[in-house]
Amino acid sequence: MNRKEIMETFKDEIVNLKMITRVIAVAVLSNFVIIAVVIGPDTVGFDPTWGTVTSILNFVIAFLTTGVLLGIWVVFDVKQTFDLNHMHNILFVAVTVQMLLALGAVFNNNSVFDSILNADTISEISGSITNTIFFLYGMYIFLLVRTDKRRGNQLSSRTQLIGNIFAAIIMPVQVLTLFGLVPAAVFAPLFILGGVILYPLFMIGVGDAIGNYSVE
């Protein structure tokens, strides 16, 4: 399949990818509400009922995000910029790993076979990569916005601003957290601002850019 055929195929997916970014945004918000309100932040371990729901949501978010990343690769011609292309490949792999780990605790909890690891342990393992992935998101979004500004501003100025604020919050916070320098009282609101508010808004902005893309 040559480039023209690839672009023609992608044209049929533009509307779907725009809708997918909305689904991701809703799933992120729903997941947060369940964790923060229904389960509660003080709950420790895998919840057999709501833990299953959040795990499925995490799988859906990661699965759909891989599709959006492929859309970004086409619309923003990612391969033409070395640093963005490199970070794009890293993030795609990281999100894929996140997707593969998302349902591990659920399968373990409902498995008919005995296991050395329990659902609580597997849930902690799958969640342990979250901070690293958020740092990668921060770097990726920073590079994507910078590249977009240099190439014609396919993202709206509002989306570019949201992306820059997201990166400016997430990257320093994750680095400081690595050394235990961010108190829980500060980390929680910053994580909510970045991961629950700014990230979904940025994804919606990316969806709009993909929706406005015309295949030549």
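Our helix-only sum for the chain, with -39,500 (n - 2.57) per DSSP H run of n ≥ 4 divided by its residues, gives a mean residue ellipticity at 222 nm of -24000 deg cm²/dmol.
Could you check how many percent of all C-alpha pairs in segment 37-155 are farther apart than 26 Å? Before the final figure, lay out the partial values.
Working: 2356 of 7021 pairs.
Tail of the P(r) past 26 Å holds 34 percent of the pairs.
Relative intensity of the chain on a log10 scale, I(q)/I(0) at q = 0.11, 0.12, 0.14, 0.18 Å⁻¹, equals -0.57, -0.67, -0.89, -1.36, per a Debye sum over C-alpha point scatterers of equal strength in the absence of solvent. For Lys11, the aspartates and glutamates whose Cα comes closer than 16 Å to its Cα, not counting residues fewer than 8 places off in the same chain, are Asp77, Asp208, Glu216. For the Cα atoms of the chain, what angle does the longest principal axis make with the long axis of helix 14-33, in degrees from 0 to 90, nearest 10? It is inclined by approximately 30 degrees.
Using Stokes-Einstein with the Kirkwood hydrodynamic radius over Cα pairs, what translational diffusion coefficient do you get for segment 49-106 at 10 °C and a viscosity of 1.306 mPa s, in µm²/s rounded to a whole number? Rounded to a whole number, D works out at 130 µm²/s.
Just add up the charged neighbours of Ala105: K/R +1, D/E -1, any other residue whose Cβ is under 14 Å from the Cβ of Ala105.
Details: positive: none; negative: Asp47, Asp120, Glu124.
The answer is -3.
Laboratory data are not the source of any read-out in this text; all were calculated from the coordinates shown. These numbers were taken from a predicted model, which means no experiment stands behind them. With ideal geometry, Cβ positions are generated from the backbone for all residues, glycine too; neighbour counts draw on all protein chains shown.
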